[in-house]
Amino acid sequence: MNKFIKFLLAGAAVSACAFGFAACGGDDPGEGGNGSTTVNGNEFTFEAEYTDVDGLVGAGSSNAAEGTDMILSATNASNGYYIGFTHKKGLTITFEINSDKAATANLKIGLTPAEGMQAIKISPSTFIVKVNGSAVTYSEQNVKDNNTSMNKRQFKKYDIGTVNLVAGKNTVTLTIGENDYVNGKSGGPSIDAIFLTTEASLTWTPVTDNIG
């Protein structure tokens, strides 16, 4: 291939990226990957507000909430709701998902900073993600949004990486780890949903009664 043709192809690729005609990489922490393997298939969405929150006790920066009182509304959340009050070490949100076969999946989590915060970092030690009891190693990422109104914030998808699913029941847990993000105490992001892309067929039993 001569140099002139190479130049034309390179220019075409740049133009396609600029005008949205091709999938192009970027440095947005909400969409950037962490080196995980690309997984083909369908994306399944599992809403945090439809998990079992019975018995959960969470905390805000200066107050507390329990059970369904931890579920808050926001226009840009994927289903209009999210789980807040995550400023508590050890707080765990549990998703129970059934797969029709053993498969790999790409896991992303919809997050935004908690009310009153503009940024919060997640890492395997500060925001612990486990699949079937095994901790997932992922790159530290900065969850950020400068909007002062939670109703205007975007819940971006943060790439956790490739995980293994078993045939039958799978458990995905999100746990607030040790950190000093909120007045020297552990804090967490607001949690919208998890997203699994896989060739398997995934189902679950959402607790829809959480939303009255």
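The values are calculated or read from the model by the stated rules, or taken from the named source; none is laboratory data. Just so it is clear, the structure is predicted and the values come from calculations on it, not from any experiment. Please note: Cβ atoms are built from the backbone with ideal geometry, for glycine as well, and neighbour counts cover all protein chains shown.
Points to keep in mind about this one:
- Within the stretch 72-101, the set of residues being more than 13 Å from GLY60 (Cβ to Cβ) and among the charged types (D, E, K, R) comprises LYS89, GLU96, ASP100, LYS101.
- Residue match in the stretch 144-155 (condition: touching a Lys or Arg at 6+ places or on another chain (Cβ under 8 Å) and hydrophobic (A, V, I, L, M, F, W, C)): no
- Residues that are polar (S, T, N, Q) and either touching a Ser or Thr at 6+ places or on another chain (Cβ under 9 Å) or more than 27 Å from LYS152 (Cβ to Cβ) (or both) were ranked within the stretch 58-100; the one that is surrounded by the most Cβ atoms within 10 Å (Cβ to Cβ) is THR86.
- Residue count for the stretch 41-70, restricted to those that are modelled with pLDDT of 95 or more and part of a loop (DSSP other than H, G, I, E, B): 7
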